[in-house]
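Step one of this worksheet: look at the structure below.
The values are calculated or read from the model by the stated rules, or taken from the named source; none is laboratory data. Just so we're clear, the structure is a prediction, and the values are computed from it rather than from any experiment. All Cβ positions, glycine included, derive from the backbone under ideal geometry; neighbour counts span all protein chains shown. These area figures cover heavy atoms from the full protein model, side chains too; ligands, DNA and RNA do not enter into them. Shrake-Rupley method; radii C 1.70, N 1.55, O 1.52, S 1.80 Å.
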Amino acid sequence: MGLMIRIFGFCLLFNSVQVAAIDDIAYLPADTLYKAGITTPTEALGATVGEWHVRHDQIVNYMQVLASQSDRISLVETGRTHENRPLYLLAFSSPENQKNLASIQAKHIENLGQSVDKDDPLVIWMGYSVHGDEPSGSNAALLIAYYLAAGESEIIEQLLNNNVILLDPSLNPDGLSRFAQWANMHKSKNLVSDPNHREHKQAWPSGRTNHYWFDLNRDWLLLTHPESRARINQFHQWRPHILTDFHEMGTNSTYFFQPGISSRKNPWTPLKNVELTAALGDFHAAALDKTRQLYFTDESYDDFYYGKGSTYPDAHGSIGILFEQASSRGHLQDSDHGVLSFTDTIQNQVTTSLSTFAGALANKQAFLDYQVNFANKTNDLVKDDDLAGYILNEKVDQTRFLKMLDILAAHKIQYWPLSKDVKVNGQTFDRTHSMFVPLDQPQYRLIKSLFSTRQSFEDNTFYDVSNWNLPLAFNIQYQAVDREPKLNKNLVKSPKTGNPKLLRDAYAYAFSWQDYQAPKLLQRLIANEVKVKLAGDAFFAQTAQGEVSFSAGAVVVPIALDQPENLLDIIGQQNNGLDLPIHSVTSGLTQQGIDFGSRKMVNIALPKVLLIGGRGTSQYELGEVWHYLDQHVDMPVSVTDLDQLGALSFDSYTHMIWVEGSYKGVPDKTVKKLEYWLRSGGVLIGQKSAASWFSDKKWLNADFKSNKEIKLAFETTGLTYKDQDALKAKQRIAGAVFETLLDINHPLSFGFTSTTLPMFRNSALVMRQPDKPFVTVARYAKSPLMAGYTAEELQKQIAGSAAIVSHNFGKGKVIGFATNVNFRGVWYGTSRLMSNAIFMAGFINAPD
Ligand SMILES: [Zn+2]
């Protein structure tokens, strides 16, 4: 054996030439030789790595070149981003393994959680730069790809012969491209390290986020975006043992690697996960010692929220690892630790990528065993759990229900229809509109976290949300049960039923406002010049299918209006893909409720909506509104910057939407102009601090509690210096779910069927309930906390306060939300409030 290795070693030296440019080699281990005929990063870029910020298209080109030259690589395009950039995943393994990679992969998935053989491959997933303005990772990925494609050394042999390395070089291509453009366009020939230089201070929106300004490192669980969908699909096809997640943090920081604070790990993650993370940590520490870098560990950053790259794997018997490098942002920046260059930051990410490989090989058996033990322990947890699973039910809005089930399916969570109706705690779950999610399945831990209503925790400090209960976000009824109901495992899982055929000589066409996609169909119709009325009240219509009941908000297309000639074709085309049941009404006289010619049937014109963004506003919240209206309502909306408002004519806009932001500096002249627009008939919609600013301006008739007032509710006598952080953690709401009581008769509630509505909250802002009647659309319940952490002092402040206030202002309407109703694009339960604020505002008639 020794001889063979020697001979092999000799051949290896003979066949290899050190061809890489000095700069590429300088980043990589000195003892490695490189195969000739494989393009180096420097050759591909026409510049050295770190000289310029790499663009995603350059990464794509380089990965294609490597894959064509090296027999160690399989490359797949896993999906496309919103901006149509390809998402790549590369699988590195020996040429021998590449020949039957599919069967290696299949065997790994088949044997998942069963006994392991010491020769089984370790699957290591290397993921870089999910935040686009944290680019050292993606730039380092070029070098790691070259190293694995061309490198010749004992450790590379060992890595590739017996394992599979997956490389995800650029998790957020749209954000990375936005940032690379920014950093490169501001680069000087003589690098400028001044932190005030434009290169280091991005415009709004920053490159951290994706196309719709979402944080993709919160989307691993929610899967709102194609980037996450593609990645999770691959994750489940590979189920890696280790997954790395390379980030950057503040310029004056040093380097961080996990483990973080173990009390802040998710309770469903085994402690052994922290131990194995620490075992790898020893290798990172040794490597960074060698290069004399400052670093820290066991502090900061938690592993609680399963929607992050370093945490999602933890719910799957994988070890997710977060790395954070102090950011040079641009090419060179002054820091507390001297001048930090972009190349320094890339070097550290290369160093810890390599120490990940070394640590993984040294602990291979432990990682293989861990995945098996994790599955075994999950089975034990299932046995110990008194619950059998959760029954879900949604009677009216099948789209919303299906969207939630779709997320469960993407996470390989099984669910089944009931074979007969089930009654639990006085609530009937009918078999046609219910699903059962059994706990006895491999995804037990993820299910428990997705259905969690936990309110007390080992550690009350949350880096991110403390709850992500999916049925609450989707406003889906559910109930935990201790016995599995009778299931119909043969039934097709889609509860959608066939739609009525449209009658050519109908009196009118009508559809309900209750389906999640009703706003989209309405928008599409009016955008295509169909004349539409909205029902301000309920009615029973005579239709081709008999009598059909419609709730308030129903959409009506009377032939009596001046309709386009090809009306029926337009309706058919616009409903294509939505498949909402549209009824052919045969008479204007209703059996009950308002008639079709009623004054309460109101014409609706095409809304022209202006979103206020730019510096000083939250790019996340505005992005969430943009995403909702663009993707879920098909509504083209304009976004303007706050500092452009003064120069803008508001005349053509029907609605304005303002989100969390800092508005104190808006000039008086603009304020006056806004007030004039509002008084003349505009609809002004504001979330969180925007609503509070509307109240300051006396547009919104609701008072907000001051920060000072809220803080006074906390007892501080007897606290010592060390209690400071804990107090701060108590005074904030990182993200929790609250119960609100909805005035179901209010136009903003049209389409809702229940008087209670779970709402998400991630701020301590409290809007007092106004004294005036008819202006509070929703208020928080008496003991409002449903799930997640919120200090009792804050719960008391929120109890009974207003969640939505709305009233007239001159000819206009003001709508204030105390919370973000589109949180992370997954709050389907409350996002409907935003389309109601647009389409149903005309019905609001409450004097201020
Ligand atoms: Zn980051």
Worksheet item: Taking interchain pairs and intrachain pairs at least six residues apart, which have beta carbon atoms under 6 angstrom, with the first residue in the stretch 694-714 and closer than 20 Å to residue 805 by Cα and the second of a type in the set (Asp, Glu) and open to solvent by 10 Å² or more (accessible area, probe 1.4 Å)?
Response: 701/848
Item to complete: Look at the stretch 225-268 and say how many of its residues are of a type in the set (Ser, Thr, Tyr) and open to solvent by 10 Å² or more (accessible area, probe 1.4 Å).
Response: 5
Worksheet item: So, in the stretch 102-135, of the ones that are within 16 Å of the ligand (Cβ to nearest atom) and among the acidic types (Asp, Glu), which residue ends up farthest from residue 26 (Cα to Cα)?
Response: 133
Worksheet item: Based on what the data block shows, is residue 208 within 30 Å of residue 86 (Cβ to Cβ), within 16 Å of the ligand (Cβ to nearest atom) and open to solvent by 20 Å² or more (accessible area, probe 1.4 Å)?
Response: yes
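Yes/no per residue for (1) modelled with pLDDT of 95 or more; (2) closer than 12 Å to residue 510 by Cα; (3) over 35 Å from the mean Cα position of the chain (by Cα):
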| site | (1), (2), (3) |
| --- | --- |
| 545 | no, no, yes |
| 548 | yes, yes, yes |
| 551 | yes, yes, no |
| 573 | yes, no, no |
| 577 | no, no, no |
| 583 | yes, yes, yes |
Worksheet item: Can you name the condition, by its number, that residue 87 falls short on among (1) within 16 Å of the ligand (Cβ to nearest atom); (2) in a strand (DSSP E or B)?
Response: (1)
Item to complete: Within the stretch 298-323, track down each residue that is surrounded by 24 or more Cβ atoms within 10 Å (Cβ to Cβ) and part of a strand (DSSP E or B).
Response: 303, 319, 320, 321, 323
Discussion item. Suppose the filter is in a helix (DSSP H, G or I), among the aromatic types (Phe, Trp, Tyr) and touching a residue at least 40 places away in the same chain (Cβ under 8 Å); does residue 653 pass it?
Written reply: no
Practice prompt. Could you tell me whether residue 612 is over 28 Å from the mean Cα position of the chain (by Cα) and not acidic (Asp, Glu)?
Written response: no
Discussion item. Under 7 Å between Cβ atoms, which residue pairs at least 6 apart in sequence (or on different chains) link something in the stretch 53-72 that is over 19 Å from residue 346 (Cα atoms) with a partner that is open to solvent by 10 Å² or more (accessible area, probe 1.4 Å) and in a helix (DSSP H, G or I)?
Written reply: 61/44; 65/44; 71/95; 71/98; 72/95; 72/98
Discussion item. Restricting to the stretch 589-644, give me the number of residues that are open to solvent by 70 Å² or more (accessible area, probe 1.4 Å) and within 29 Å of residue 543 (Cα to Cα).
Written reply: 9
Discussion item. The conditions are (1) aliphatic (A, V, I, L, M); (2) over 28 Å from residue 116 (Cβ atoms); (3) surrounded by fewer than 22 Cβ atoms within 10 Å (Cβ to Cβ), and residue 216 fails exactly one of them. Which is it?
Written reply: (3)
Fill in: Among (1) in contact with a strand residue (DSSP E or B) (Cβ under 6 Å, 6 or more places away or on another chain); (2) modelled with pLDDT of 95 or more - the single one residue 470 does not satisfy
(1)
Worksheet, complete the sentence: Counting only residues in the stretch 782-822 that are outside any loop (DSSP other than H, G, I, E, B) and among the hydroxyl-bearing types (Ser, Thr, Tyr), the one surrounded by the most Cβ atoms within 10 Å (Cβ to Cβ) is identified as 806
Worksheet item: Within the set of pairs 6 or more residues apart or between chains, which connect a residue that is under 20 Å from residue 332 (Cβ atoms) inside the stretch 245-263 to a residue that is away from the ligand (no atom under 15 Å from the Cβ) and open to solvent by 30 Å² or more (accessible area, probe 1.4 Å) with Cβ atoms less than 6 Å apart?
Response: 252/336; 254/294; 254/295; 255/293; 255/295
Item to complete: Scan the stretch 370-395 for residues that are among the aromatic types (Phe, Trp, Tyr) and under 14 Å from residue 443 (Cα atoms) and jot them down.
Response: 374, 390
Fill in: Some residue of the stretch 136-156 being within 16 Å of the ligand (Cβ to nearest atom), buried (at least 24 other Cβ atoms within 10 Å of the Cβ) and of a type in the set (Ser, Thr, Tyr)
yes
Worksheet item: Is it true that residue 429 is touching a residue at least 12 places away in the same chain (Cβ under 8 Å), within 30 Å of residue 820 (Cβ to Cβ) and among the aromatic types (Phe, Trp, Tyr)?
Response: no
Discussion item. I need every pair where a residue in the stretch 333-344 that is assigned to a loop (DSSP other than H, G, I, E, B) has its Cβ under 9 Å from the Cβ of a residue that is surrounded by fewer than 17 Cβ atoms within 10 Å (Cβ to Cβ), sequence separation at least 6 or different chains.
Written reply: 336/252; 337/252; 337/294
Worksheet entry | Residues (more than 16 Å from the ligand (Cβ to nearest atom) and within 22 Å of the chain's Cα centre (by Cα)) located in the stretch 243-290 | 264, 265, 266, 267, 268, 269
Worksheet item: Is it the case that residue 502 is touching a strand residue (DSSP E or B) at 6+ places or on another chain (Cβ under 7 Å) and modelled with pLDDT under 95?
Response: yes
Fill in: Residue identified as within 21 Å of residue 169 (Cα to Cα), of a type in the set (A, V, I, L, M, F, W, C), open to solvent by less than 10 Å² (accessible area, probe 1.4 Å) and in a loop (DSSP other than H, G, I, E, B) among 130, 123
130
Discussion item. Among the residues of the stretch 445-479, what is the count of those that are outside any loop (DSSP other than H, G, I, E, B), over 18 Å from residue 303 (Cα atoms) and open to solvent by less than 20 Å² (accessible area, probe 1.4 Å)?
Written reply: 4
Worksheet item: With respect to residue 660, is the statement that it is free of Cβ contacts under 8 Å to residues at least 12 places away in the same chain and among the acidic types (Asp, Glu) true?
Response: no
